[in-house]
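Trainee: One structure coming up, written as structure tokens, with questions to follow.
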Amino acid sequence: MTGLELQKLTVGYRGRRGRTVASNLSAVAATGRLTSLIGPNGAGKSTLLRTVCGLQPPLAGSAVLADGTDVTTLKAAGLARRIAVVTTDTVDPGRLTAREVASLGRTPYLSPTGRLSADDRRVTDRALDAVRATDLADRPFHDLSDGERQRVLAARALAQEPELLVLDEPTSHLDAPSRVEFLDLLATLAREQGIAVLMSSHELELVMRLSDEVWLLRGDGTMTTGTPAALAADGSVSAAFDRGRLRFDADQLTFVIDGSGTTLG
Ligand SMILES: Nc1ncnc2c1ncn2[C@@H]1O[C@H](COP(=O)(O)OP(=O)(O)OP(=O)(O)O)[C@@H](O)[C@H]1O
């Protein structure tokens, strides 16, 4: 099932410093699958993600959810019930515990009293369980490691019960094992929770191993989509990222430096 569909979407900035970043994009992020957005620095990944979350208006075209709703027509409350966003912005929730931070995901559903119902508590605990953070629930969020915080922020996003989960570079502060673990967790969540997960990443090798689908945004503002194997095999990934002696090896799914016998990653 289609979780999110880009229909001839053009993204960028209006005004005096305005510019078109990427044009005429058509792509699908399917429900139950992990779709990864990759591309060189400045290609427009963050701009595209902000646009599909309804945080900035498109220059043209649309981004529609499963029932055909254009995200740009949704008001804040509607967006919050349907799309959850995890960004790299530092979160400072004071002395809230991990469970309290996760429960913030229930905000769009709360009655005017702002009190969590028994159902809200159940959904929050289920979200913590899904990201394997139940044992962190009573600890202050402030005291957690970056990897633990990222799991709790994913729980907050799941507690929103979204149909689309969008993450902008979610592994950027994590160590190597935690990166693998977190991407594997996202792929599992997409399948088990039946949501479309769309994330941007610079972790090319990991993305190629763990994603179901890849959106490859090039520096010229065009995009190719496909399975990791298809994009590696048809040379799209190499064309976008190879530079000088650095080459992406489609068989090994890793970068190599030509002539040195060195494999990176
Ligand atoms: N507020 C803005 N106004 C005008 N141009 C902007 C604005 N924000 C970003 N840009 C430009 O849009 C282009 C795409 O930026 P964006 O941050 O989306 O790329 P990215 O692929 O996420 O980059 P990176 O991989 O370095 O994080 C860049 O040329 C950037 O300078």
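Trainee: Looking only at residues in the stretch 193-224 that are of a type in the set (Ser, Thr, Tyr) and within 16 Å of the ligand (Cβ to nearest atom), which one is nearest to ARG179 (Cα to Cα)?
Mentor: That would be SER201.
Trainee: Hey, does the stretch 163-179 have a residue that's away from the ligand (no atom under 16 Å from the Cβ), farther than 26 Å from THR254 by Cα and crowded, with 22+ Cβ neighbours inside 10 Å?
Mentor: yes
Trainee: Right, next: Please verify whether the stretch 96-109 includes one or more residues that are within 12 Å of the ligand (Cβ to nearest atom) and in contact with a helix residue (DSSP H, G or I) (Cβ under 8 Å, 6 or more places away or on another chain).
Mentor: No: zero hits.
Trainee: Please find, within the stretch 1-27, the residue that is modelled with the lowest pLDDT out of those that are charged (D, E, K, R) and within 13 Å of the ligand (Cβ to nearest atom).
Mentor: Looking at residues that are charged (D, E, K, R) and within 13 Å of the ligand (Cβ to nearest atom), I get ARG17.
Trainee: What single numbered condition from (1) crowded, with 21+ Cβ neighbours inside 10 Å; (2) among the aliphatic types (A, V, I, L, M); (3) in contact (Cβ under 8 Å) with a residue 60 or more places away in the chain fails to hold for ALA130?
Mentor: (1)
Trainee: Select, from THR227, THR222, the only residue that is among the β-branched types (Val, Ile, Thr) and free of Cβ contacts under 8 Å to residues at least 40 places away in the same chain.
Mentor: On inspection, the qualifying residue turns out to be THR227.
Okay, residues lined up against (1) in contact with a strand residue (DSSP E or B) (Cβ under 8 Å, 6 or more places away or on another chain); (2) of a type in the set (A, V, I, L, M); (3) surrounded by fewer than 20 Cβ atoms within 10 Å (Cβ to Cβ); (4) within 23 Å of ALA127 (Cβ to Cβ):
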residue: GLU161; (1), (2), (3), (4): no, no, yes, yes
residue: LEU183; (1), (2), (3), (4): yes, yes, no, yes
residue: ALA190; (1), (2), (3), (4): yes, yes, no, yes
residue: THR227; (1), (2), (3), (4): yes, no, yes, no
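Trainee: Restricting the stretch 28-43 to residues that are on the phi < 0 side of the Ramachandran plot and crowded, with 20+ Cβ neighbours inside 10 Å, which is nearest to the ligand (Cβ to nearest atom)?
Mentor: In this case the residue turns out to be ALA43.
Trainee: Can I ask one more? Anything in the stretch 44-89 that is within 16 Å of the chain's Cα centre (by Cα), outside any helix (DSSP H, G or I) and crowded, with 17+ Cβ neighbours inside 10 Å? List them, or say none.
Mentor: GLY44, CYS53, GLY54, ALA63, LEU65, ILE83, ALA84, VAL85, VAL86, THR87
Trainee: Can you name the number of the only condition in (1) among the charged types (D, E, K, R); (2) under 22 Å from ALA190 (Cα atoms); (3) assigned to a helix (DSSP H, G or I) that ARG132 fails?
Mentor: (3)
Trainee: Being basic (Lys, Arg), buried (at least 16 other Cβ atoms within 10 Å of the Cβ) and assigned to a loop (DSSP other than H, G, I, E, B) is the filter here; which residues of the stretch 90-107 pass it?
Mentor: none
The values are calculated or read from the model by the stated rules, or taken from the named source; none is laboratory data. Note that the coordinates shown come from a computational prediction; the quantities given were computed from them, not determined experimentally. Every residue, glycine among them, receives a Cβ derived from its backbone with ideal geometry; neighbour counts consider all protein chains shown.
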